[in-house]
1. Could you work out how much longer the chain between Phe342 and Arg317 gets when fully extended? Use 0.36 nm per residue separation minus the Cα distance between them, nm to one decimal.
2. Per residue of segment 344-355, what does 6.51 cos²θ - 1.76 cosθ + 1.60 with θ = phi - 60° give for ³J(HN,Hα)? Whole Hz please, x for Gly and Pro, Karplus curve as stated.
3. Expressed in nm to one decimal, what extension gain is obtained for the pair Arg227 and Thr412 from 0.36 nm per residue of sequence separation less their Cα-Cα distance?
4. In which sequence would Thr322, Thr226 go, from the one with the fewest C-beta neighbours within 10 Å to the one with the most?
5. Let me check the size of segment 134-201 from its C-alpha atoms; what are the radius of gyration and Dmax in Å?
6. Please give the length that would be gained between Thr134 and Asp100 if that part of the chain were fully extended, namely 0.36 nm times their separation in residues minus their C-alpha to C-alpha distance (nm, one decimal).
7. How charged is the neighbourhood of Val394? Take every other residue with its Cβ under 14 Å from the Cβ of Val394, and add Lys/Arg as +1 and Asp/Glu as -1.
8. Modelled label-to-label distance, Leu330 and Leu396, 7 Å Cα→beta-carbon offset: nm?
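Quick note: the coordinates plus some simple rules give every number you see, no bench work behind them. These numbers were taken from a predicted model, which means no experiment stands behind them. Every residue, glycine as well, gets a Cβ built from its backbone with ideal geometry; the counts of neighbours run over all protein chains shown.
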Amino acid sequence: MSLSSIAQAILPAPVYKRLLSSSIARRLARGSLWSLFGSAISRILVLVAMILVARLLGQVRFGEFGLIQTTLGVVGLMAGLGLGGTVTRFVAQHAVADPDRAGRVIALVMSASIGAVLLAAAVLVVASGYIARTVLEAPHLQTALNLGVLLMAATAFRGIQGGVLAGLEKFDLIAKLNILDGVVSLIAMVTLAYFMGVEGALLGLALGASAVWLVGRIVLTNELGTRNIAVCYGGCWTDWRILTGYSLPSLLSGLVATPALWFCMTLVARNPNGYAELGIYNAAYQWHGPMVFIPMILMSVSIPVLVQEWEAGRRERFRRVTLGICGLMLAMSLPAVLLVAFLSPWVMSLYGPGFREGGMVLVLLLAAAPLHALAKIASGALFGMNRAWWVLGVNLVWGMALLTITAWLVPTFGVTGLAIAFLAAYAILGILLFSLVLIGS
């Protein structure tokens, strides 16, 4: 069965016909279908891996695993520097019109990423003892933090690699790499978690990301060769303003979101039975991600198109494409959200004894998914408009809302308070970002 026949089967007939009615729609449909295919398989594999790992580790250790992942995500933001989105935006702008400039942008991003990854890795190794003892109040997690350096580095490099491929609109290659990542991660995570616990699960994730990065490097080199794009490091820093004008606000936006959520999770961890509650949150959050991955796909696919429409001055068409993507996202995500919410007690029981009581946490995180999705698509549109600083401003509001509501509710309601704060903060974020897109376009 081809991807077009899959689309025809899952989409309403008027929507499918409209997707094929223009060159823009065809590009969006082709990229979205490939990304959907790859991400769906990858997500399923990762979800299965997480369920098996949760059953192997138990509720408390699975909570530790989730908090370590988030901690690595905070440090990984510094390593990534917001460069994945940067390279997508500017490669999309220059790949056809100015291949030499596109090559310099790729070289600039790669140079900055290598230095950032080395610095972030050194900081994490030096500070791992303090973080484990004082912040996480779990000294035994220091080894896991040190092993996480490999995962952090591989994830950062993979993000940049995927950003280049997205800018070139090679979503079929991204899909195949995502599937490979899911397969390797499933095998490695479950096997190593069985023998090594939390450290093994992290190492398995790192092995998956590293293997896919190596394969992706070969694929990307071949693709750049066919486009006559030479990655030239000489003179690449002449475009340094890209880093301050686009990467910096993207980085700062991330430095609001992930650390805010990490700090909220540490508040839960400090509660009595906190790591067990975090185990419930980590299990429930595994289902929030799949509800958002379609909008993430639509956002990544649409950025090259939106950039070109915006740069060409076609504002009305830019707005129509953005609104169409939002409508398509809601039509595809809401049924899945409602179904999983209805089955929430059974879904949580898959993770093992003690998880079933987290059904309400799952429902709240699922309810936040469409709002999170709307925010992602609106952010992509604003980045396409080169309004990265606007995104930062709204993310600051989101972070303040999440921290305030969590600090208020967690002492009384525990992890359910964090889930309520998560839902409320994403309601604020989605409404503000979407309003800015309508006003700015």
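1. Contour length minus Cα-Cα distance gives 5.2 nm.
2. Karplus-based 3J(HN,Hα) across segment 344-355 equals 4, x, 5, 4, 5, 5, 4, 7, x, x, x, 7 Hz.
3. 60.8 nm
4. Sorted ascending by nearby Cβ count, the order is Thr226, Thr322.
5. Cα only, segment 134-201: 15.5, 45 Å (Rg, Dmax).
6. Residue separation times 0.36 nm, minus the Cα-Cα distance, leaves 7.3 nm.
7. Surrounding charge for Val394 is +2.
8. 3.0 nm
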